[in-house]
Amino acid sequence: MVRLMICREHPMTYDARASLAEIVAVSDMVEAFTEEDQCRRLMEAMVGPRGRICPACGFRESIALAGRDQGRKARPGLYQCSSGECRLQLTVTTHTPLHSTKLPLRVWLTGLWLILQSDKGISSVRLAEAIGVSQPTAWRMGHALRLLVTREQTVAGTVEIDDLYIGGSPRKDPDRPRLGRGRKGQPRTTKTPALTIVQRPESLDDGAQAGAAGARVVDDLSEREAFRVLSEHVDPSADLMSDEWKSFVSAGQAFAAHDTVRHSDREYARGPIHTNSVEGFNDRVRRTVAGVFHHISPQLADLCFNEIGFRWSQRVVNGQITRRTQKGREVIKPSWARINPALQLPAVFRSAVGRQLRRTKHGGIHVRCAVAVFG
Ligand SMILES: [Zn+2]
């Protein structure tokens, strides 16, 4: 029997993690996420691991309003900020992507667990079937997860960059000629370009976590756009690695070091200088889009990249394996294991407060604020 044991005094105690670690199979998850009250306490522990903070003023003290269990009217889980000027009444979902949700928290936890448990995600149609909500609700739930795992921190250390195109090939139109090739032999395309950034892990010892990874939609692959995205997401102290694309070469001058591999000379790795990790990430994006999302709109692509990047980072080294290359050379590579999906939940909710998602009149989403206030 999996019970969520959460200490009221120190919310994110060892017990909470230990009980999350026990959730391995679907049956464990169903058992653990049954009682609404327990799910709420677990969410409170994950959203405020160091105690409850008022999302409006940042005050660290708040009181629990006496609930129905004590014969009062307030619903359980309702708190009030103790700051004299603020007095905001808040729950665990206030000013998070779950703000003003009508779904029980156990449905949220079940849905998020199912999305994380599936290796590349789960389509909104399947998720809706699994948890018994409408497809638009499941679709918004997926986007809430993507917003929750958005990270603002810049990456440092060794950082690989590359480009990626999303979208299908253009429809055949007899009135418009084929696009042909543009300058420098790059194929002209109507697809949406994106810039991918992957941080290499600091070490490859057992238990080391994968680095951060992500991508951003860009207007084009110009130096200006490359510099805009890189300066926003990469620390100037970083050691960049890329191919010899000229925008990368010039934008890379703003960083501590920049090494390139010459793909045109069929050079793919020169010792530690390679872009294999970022190309692996690009492949993961392509496979996720093809297999799960089927189509991502350029407007919401950044959110989808956040989810794929989060999955990428939620892996740890669990040993070394020996592989044989095509030329028969033996190479030792790290083998990766995914972090248990239930144990990814604290990382999902860690910086929830401040990020706000609202429904639009037409059932869509509107990201009101993508920046976390705390955490
Ligand atoms: Zn307050």
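The values are calculated or read from the model by the stated rules, or taken from the named source; none is laboratory data. Because the structure is predicted, anything quoted here is derived from the model rather than measured. A quick note on method: Cβ atoms are made from the backbone with ideal geometry, for glycine too, and the neighbour counts reach across all protein chains shown. Calculation scope for accessible area: heavy atoms of the full protein, side chains included, ligands and nucleic acids excluded. Shrake-Rupley method; radii C 1.70, N 1.55, O 1.52, S 1.80 Å.
General observations
- Some residue of the stretch 118-138 being out of contact with any helix residue (DSSP H, G or I) (no Cβ under 6 Å at 6 or more places or on another chain) and within 16 Å of the ligand (Cβ to nearest atom): no
- Qualifying residue in the stretch 30-39 (condition: in contact with a Leu (Cβ under 8 Å, 6 or more places away or on another chain), part of a loop (DSSP other than H, G, I, E, B) and away from the ligand (no atom under 16 Å from the Cβ)): yes
- The C-beta contact set for the stretch 27-39 (first residue open to solvent by 40 Å² or more (accessible area, probe 1.4 Å), second residue in a helix (DSSP H, G or I), distance under 9 angstrom, 6+ apart or interchain) comprises VAL30/THR110; THR34/ARG106; GLU35/ARG106; GLU36/LEU105; GLU36/ARG106.
- You will find that of ALA25, ALA16, the residue that is away from the ligand (no atom under 16 Å from the Cβ), at pLDDT below 90, within 23 Å of the chain's Cα centre (by Cα) and at negative phi is ALA16 and no other.
- Matching residues, the stretch 78-87, being at pLDDT 90 or above and either in a loop (DSSP other than H, G, I, E, B) or within 8 Å of the ligand (Cβ to nearest atom) (or both): LEU78, CYS81, SER82, SER83, GLU85, CYS86, ARG87
- The set of residues from the stretch 41-61 being over 15 Å from SER83 (Cβ atoms) and either within 9 Å of the ligand (Cβ to nearest atom) or not charged (D, E, K, R) (or both) comprises LEU42, MET43, ALA45, MET46, VAL47, GLY48, PRO49.
- Any hit, the stretch 250-263, residues being of a type in the set (Phe, Trp, Tyr) and over 18 Å from LYS120 (Cβ atoms): yes
- Filter pass, ILE321 being farther than 23 Å from VAL159 by Cα, open to solvent by 20 Å² or more (accessible area, probe 1.4 Å) and outside any loop (DSSP other than H, G, I, E, B): yes
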